[in-house]
1. Scan the stretch 142-150 and tell me whether some residue there is in a loop (DSSP other than H, G, I, E, B) and loosely packed, with under 13 Cβ neighbours inside 10 Å.
2. Name the single residue, out of those in the stretch 64-107 being touching a residue at least 40 places away in the same chain (Cβ under 8 Å), assigned to a helix (DSSP H, G or I) and of a type in the set (Val, Ile, Thr), that is surrounded by the most Cβ atoms within 10 Å (Cβ to Cβ).
3. Would you be able to say whether some residue in the stretch 108-119 is modelled with pLDDT of 90 or more, surrounded by fewer than 17 Cβ atoms within 10 Å (Cβ to Cβ) and over 29 Å from Asn35 (Cα atoms)?
4. Which of the residues spanning the stretch 23-40 are of a type in the set (Val, Ile, Thr) and either closer than 26 Å to Asp95 by Cα or not in a helix (DSSP H, G or I) (or both)?
5. Which condition number does Asp34 fail, the rest of (1) modelled with pLDDT under 90; (2) over 15 Å from the mean Cα position of the chain (by Cα) being met?
6. Might you let me know whether the stretch 41-63 holds any residue that is of a type in the set (S, T, N, Q), surrounded by 13 or more Cβ atoms within 10 Å (Cβ to Cβ), touching a Ser or Thr at 6+ places or on another chain (Cβ under 9 Å) and not in a helix (DSSP H, G or I)?
Amino acid sequence: MQIPSLAALKKELNFLSEKELIETVLELAKFNRDNKAFLYFKLFERGNPRIFIEMVKDDLDISFMDANTRNYHVAKKSAQAIRRKLNKNLKLSKDKTAHIELIIHFCKQMKVYGFLEYRHPVIENLYKIQIGKVEKLIAGLHEDLQYDYQLILEELA
């Protein structure tokens, strides 16, 4: 099956009535959890832009609490799983400050829960890559915001 381009989908969506469009969006939301989360954030983000950040932070905190850190191997696997969850959630928002805050929260939690104490190269590289992402995102912000986030970043590095 050939998947159509985004432009072709957009063209076809223009032909649908409002009721058909709502039904299509609801079917898409039922398809998987990610679509439902994306729809939820798009609908309720306008009223409270911080709701996305707070919900993702809570979700990450729960994941860190449930993570198994008995030895370096399972700690590495847990950190990678939490990072995948973070990346999946980052795709739901286009706000760069939200990305920065969530990645910084992830890095802080890695320190708090002792993932970096193992000195495992995979865990350290994972941490360094996240710090690098934050540095790139900070470079694209306004100077005042750069300064604020730079101070937080110095604490992590």
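1. Of all residues in the stretch 142-150, those in a loop (DSSP other than H, G, I, E, B) come to 142.
If we keep only those that are loosely packed, with under 13 Cβ neighbours inside 10 Å too, we end up with 142.
Looking for residues that are in a loop (DSSP other than H, G, I, E, B) and loosely packed, with under 13 Cβ neighbours inside 10 Å, one finds at least one in the stretch 142-150, hence yes.
2. Selected residue: Ile100.
3. yes
4. Val25
5. Every condition holds for Asp34 apart from (2).
6. No, there is no match, as no residue in the stretch 41-63 is of a type in the set (S, T, N, Q), surrounded by 13 or more Cβ atoms within 10 Å (Cβ to Cβ), touching a Ser or Thr at 6+ places or on another chain (Cβ under 9 Å) and not in a helix (DSSP H, G or I).
The values are calculated or read from the model by the stated rules, or taken from the named source; none is laboratory data. Quantities reported herein were computed from a predicted structural model and do not represent experimental measurements. Here the Cβ is made from the backbone with ideal geometry for all residues, glycine too, and neighbour counts use every protein chain on show.
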